[in-house]
1. When you scan segment 180-232, how many residues do you find that are without any contact (Cβ under 8 Å) to a residue 60 or more places away in the chain and among the hydroxyl-bearing types (Ser, Thr, Tyr)?
2. What number of residues within segment 140-179 are at positive phi and in contact (Cβ under 8 Å) with a residue 60 or more places away in the chain?
3. Being within 17 Å of Ser148 (Cβ to Cβ) and open to solvent by less than 20 Å² (accessible area, probe 1.4 Å) is the filter here; which residues of segment 105-136 pass it?
4. Can you confirm whether Gly90 is more than 16 Å from ligand 2 (Cβ to nearest atom), at pLDDT 95 or above and part of a loop (DSSP other than H, G, I, E, B)?
5. Can you tell which of Thr136, Thr150 is more than 14 Å from ligand 1 (Cβ to nearest atom) and in contact with a Gly (Cβ under 6 Å, 6 or more places away or on another chain)?
6. Which residue out of Leu221, Leu167, Leu149 is of a type in the set (A, V, I, L, M) and open to solvent by 20 Å² or more (accessible area, probe 1.4 Å)?
7. Tell me, which residue of segment 57-76 that is under 15 Å from Thr93 (Cβ atoms) and part of a loop (DSSP other than H, G, I, E, B) is nearest to ligand 2 (Cβ to nearest atom)?
8. Across segment 98-123, what is the number of residues that are touching a residue at least 24 places away in the same chain (Cβ under 8 Å) and in a loop (DSSP other than H, G, I, E, B)?
Amino acid sequence: MKITFFTHSTCMLEIHKNFLLIDPFFSENPILEKRTLLSNKYIQSFERIDYILLTHAHYDHVCDVEFFAKKFNSLIISNYEISNFFNKKGLKTYGINYGSFISFPFGKLKYVWASHSSSFNDGTYGGNPGGFLLHTDKGNIYLSGDTSLTYEMNLIPKFGNLKISILPIGGIYTMDVEEAIIASNFLQCDKILGVHYDTFESIKIDRKKAKEKFLDKKKQLFLLEMGESICI
Ligand code: NI
Ligand code: MN
């Protein structure tokens, strides 16, 4: 499985030639110089996007969904309310909720609890926020979405060992670095890809210190450059 980080919480997962885009945030992203989607070099490099996974309805997670879903005829997977919202715009959606694993060509997916909020920019209700637990024959991965530290995370490893977890570390709206370390204990997962930091002034972190704090606990924090990938 290949994980490519773009910015904020936007990642691409490649599993058995299936391309899954997570929470796309390009056009309104303050740290991207050329914010028009068509001129963005990373977007130009995308050949396929088979699925778009959305954790919640906040604009920094969904603002470019229509662009990608139309361009690549992607299937949008999210909670029932977010799926309905995009389905009414004529896009292909698959609405799920907290519950069982659901089988897809790339693996088994479960929508799991996140302690956050979820509304679209115009105030439309965006259902309950969530994260995704993904089990594949290449290993299991947990994407928490925007969330505070929550005791619910203790449930995640009960379904199987995780190879890596993608957690927010910027604080204010989500967990910060210290809380993400506690989360990694709950998750019994020592490899964390940090997201949701440095995009806005309010969530700036000291990257070196953040990595040291994880190392002190014998854990590894990956902080990737834009467009950089790791394989697990
Ligand atoms: Ni949010
Ligand atoms: Mn967010």
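The values are calculated or read from the model by the stated rules, or taken from the named source; none is laboratory data. These figures come from a predicted structure and were not determined experimentally. Heads up, the Cβs are rebuilt from the backbone with ideal geometry, glycines too, and the neighbour counts pull from every protein chain shown. Accessible surface is based on the protein model in full, side chains and every heavy atom, while ligands, DNA and RNA are left aside. Shrake-Rupley method; radii C 1.70, N 1.55, O 1.52, S 1.80 Å.
1. Of the residues in that region, 3 qualify.
2. Residues meeting the conditions: 1.
3. Correct list: Val112, Ala114, Ser118, Pro129, Gly130, Gly131.
4. yes
5. Testing whether each residue is more than 14 Å from ligand 1 (Cβ to nearest atom) and in contact with a Gly (Cβ under 6 Å, 6 or more places away or on another chain) leaves just Thr136.
6. Leu149
7. This residue is Ala57.
8. Restricting attention to segment 98-123, the residues satisfying the condition of being touching a residue at least 24 places away in the same chain (Cβ under 8 Å) are 98, 101, 104-121.
Okay, now just the ones that are also in a loop (DSSP other than H, G, I, E, B), so 101, 105-106, 114-118, 120-121.
The qualifying residues number 10.
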